[in-house]
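Q: First the structure, which I've put down as structure tokens, then a few questions once you've had a look.
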Amino acid sequence: MGKSTLFNRLVKQRQAIVEETSGVTRDRHYGKSDWNGIEFSVIDTGGYVKGSEDAFEEEIRKQVELAIGESDVILFMVDVMAGLTGMDEDVADLLRKSRKTVFLVANKVDNTQRIHDVNEFYSLGLGEIYGISSLNGSGTGELLDALVAELKEKTAPD
């Protein structure tokens, strides 16, 4: 449970399919959210995978790349229980090339040990890490405060 669970939490509806098994989300899902009076759009995508034998993976990659192009800010979610993976490094490379603002979100941080486990993700070079639990909502307030501050900055008149 990760990206789609957070998406549902943000849009305050069960819009995206949530499963224990990864890879269920195949298309982009759009929703509206707000935090402290700031409204913003949210896009949920499938996970970005390279070199998979799954017939759907190429289409999922296209959907992810389209969502990156449409976005002002990207929440890149990693799984603290799984630890840093080669796929995380591949996605971090893709996001750096996008030149978009990226918030690194470590999910499944639901106890004190896991708070310390997020540190390994600093090696991705994406800055601050927001440790959250998309399932119970812990840590999402700090993430959303930073997100809306960034969105305000991006939409402020020059």
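The values are calculated or read from the model by the stated rules, or taken from the named source; none is laboratory data. All values derive from a computational prediction rather than experimental measurement. For accessibility, only protein heavy atoms count, side chains too; no ligands or nucleic acids. Shrake-Rupley method; radii C 1.70, N 1.55, O 1.52, S 1.80 Å.
Q: Which shape class, rounded, prolate or oblate, goes with segment 29-158 when its Cα gyration tensor gives a ≥ b ≥ c as root eigenvalues, a/c under 1.5 marks rounded, and past that a/b bigger than b/c marks prolate?
A: Numbers: a/c = 1.59, a/b = 1.09, b/c = 1.46.
Oblate.
Q: How big is the accessible area of Y130 in square angstrom, nearest 10, if you roll a 1.4 angstrom probe over the protein chains?
A: 20
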